[in-house]
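Read-outs throughout are calculated quantities, based only on the coordinates presented, and are distinct from any laboratory measurement. This is a predicted model, so every value here is computed, not measured. FYI the Cβ positions are ideal-geometry reconstructions off the backbone, even for glycines, and counts take in every protein chain you see.
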Amino acid sequence: MSNLMISAMVDELPLAGAVVAVAASAGLGLTYAALSPTSQLFGRTILAGGDPNEAALTFDDGPNDVATDALLDVLARYNARATFFMIGRFVRERPEIVRRVHAAGHLIGNHTQTHPWLSFQSSRVIRQQLRECNHALEDTIGAPVRYFRPPHGARRPMVFQAARELGLKLVQWNAMGYDWRPIPAERILAHIDHGLARAQRQHKGANILLHDGHQQGIGVDRSASVQAVEELLRRFHREAVRPVTVDAWG
């Protein structure tokens, strides 16, 4: 809601109504800051670089049996690196998959221990979620973790503070496949194409959100996402789009 619209409402309403209107507008603004992937109000997040010929494939909610390994095979065929934001409790259950991702040269990031909505959690829980996931990852791969994606993109100032304490940079996205839904590869690609077109108009690279797992457990079918990634990489090769990992942007 614009300042002009708020002023018009204040002129038309009695004082109590005006206060409610302004409070509602402020609430909408805070909701946008907490949940919009592109908002920078609460703190800087990595979205994408300024080269429209760069694209980052990022995968949330793994590691996941079958799907993560299948993605590694596809990425290897196209000599492409990707970024995997992993859930700590699944890292503890499937450390061998995590090590394969790391050994293949992909970037691994923190996606919390159990995938809660961090914007609604206490400071203690936020710190615990980030710390426990970092420990799980670093114990498994023997290397520091420097990037973090909040589940659902949800954050508030305390999330940024907890991330800074661990030396983590927040990463969001500017294109996504909506592949947490049970949709076929064609629809995943259509959603991504919408984000790619928007990034091109803004003269930016594309930070593409996809999923190799699911927050509720290991074993979910992500074959449609794997198919979509193979088609994307085929296009990238044909159109000279360079796959990058998010550390290329900050």
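Here the sum of -39500 (n - 2.57) over DSSP H runs of 4 or more residues, divided by the residues of the chain, equals -15000 deg cm²/dmol at 222 nm, to the nearest 500. Close amide-amide hydrogen proximity is noted between GLU54 and ALA206, ARG242, each under 5 Å apart and 5 or more residues distant or on a separate chain (H modeled in the peptide plane; Pro and chain starts excluded).
Around MET158, with a cut-off of 11 angstrom between Cβ atoms, what is the net charge of the other residues, counting Lys and Arg +1 and Asp and Glu -1? Around MET158, the charge tally is +4. GNM remark for the chain: springs join alpha carbons under 10 Å apart, and the peak mean-square fluctuation among GLN202, GLN121, GLN40 falls on GLN202. Structure remark: mean-square fluctuation, Gaussian network model of the chain, C-alpha springs under 10 Å; the largest value among ALA48, ALA76, ALA240 belongs to ALA240. Placing one equal scatterer on every Cα of region 134-231 and applying the Debye formula, the log10 ratio I(q)/I(0) at q = 0.10, 0.14 Å⁻¹ is -0.36, -0.69.
Rounded to the nearest whole Hz, the Karplus-based 3J(HN,Hα) values (6.51 cos²θ - 1.76 cosθ + 1.60, θ = phi - 60°) of region 207-213 follow the sequence 10, 9, 8, 9, 9, 9, x, with x at glycine and proline. Counting every C-alpha pair in the chain, the share spaced more than 28 angstrom apart comes to 35%. Residue exposure proxy: SER122, SER36, SER225, ordered by other Cβ atoms within 10 angstrom of their Cβ from fewest to most, comes out as SER122, SER36, SER225. For ILE108, the residues whose modelled amide H falls within less than 5 Å of its own, excluding neighbours fewer than 5 places apart on the same chain, are PHE84.
Residues VAL246, VAL125, arranged from fewest to most other Cβ atoms within 10 angstrom of their Cβ, appear as VAL125, VAL246.
Cβ crowding within 10 Å, taken as a proxy for footprinting-reagent exposure, orders HIS237, HIS135, HIS111 from fewest neighbours to most as HIS237, HIS135, HIS111. With K and R counted +1 and D and E -1, the other residues having a Cβ less than 13 Å from that of THR31 yield a net charge of +2. Shown is the FRET efficiency for ASP51 and ALA190, computed with R0 = 22 Å from the Cβ-Cβ distance and rounded to the nearest 0.05: 0.35. Loop-located chymotrypsin sites (Phe, Trp or Tyr not before Pro) in region 58-133 (DSSP state not H, G, I, E or B) with no more than 16 neighbouring Cβ atoms inside 10 Å: TYR78, TRP117. Each of TYR78 and GLN216 was given a label point 7 Å from its Cα along the Cα-to-Cβ line. The distance between the two points is 2.9 nm. Here is the size of region 153-205 from its Cα atoms: Rg then Dmax, 15.0, 41 Å. Counting Lys and Arg as +1 and Asp and Glu as -1 over every other residue whose Cβ lies under 15 Å from the Cβ of GLN200, the net charge comes to +1.
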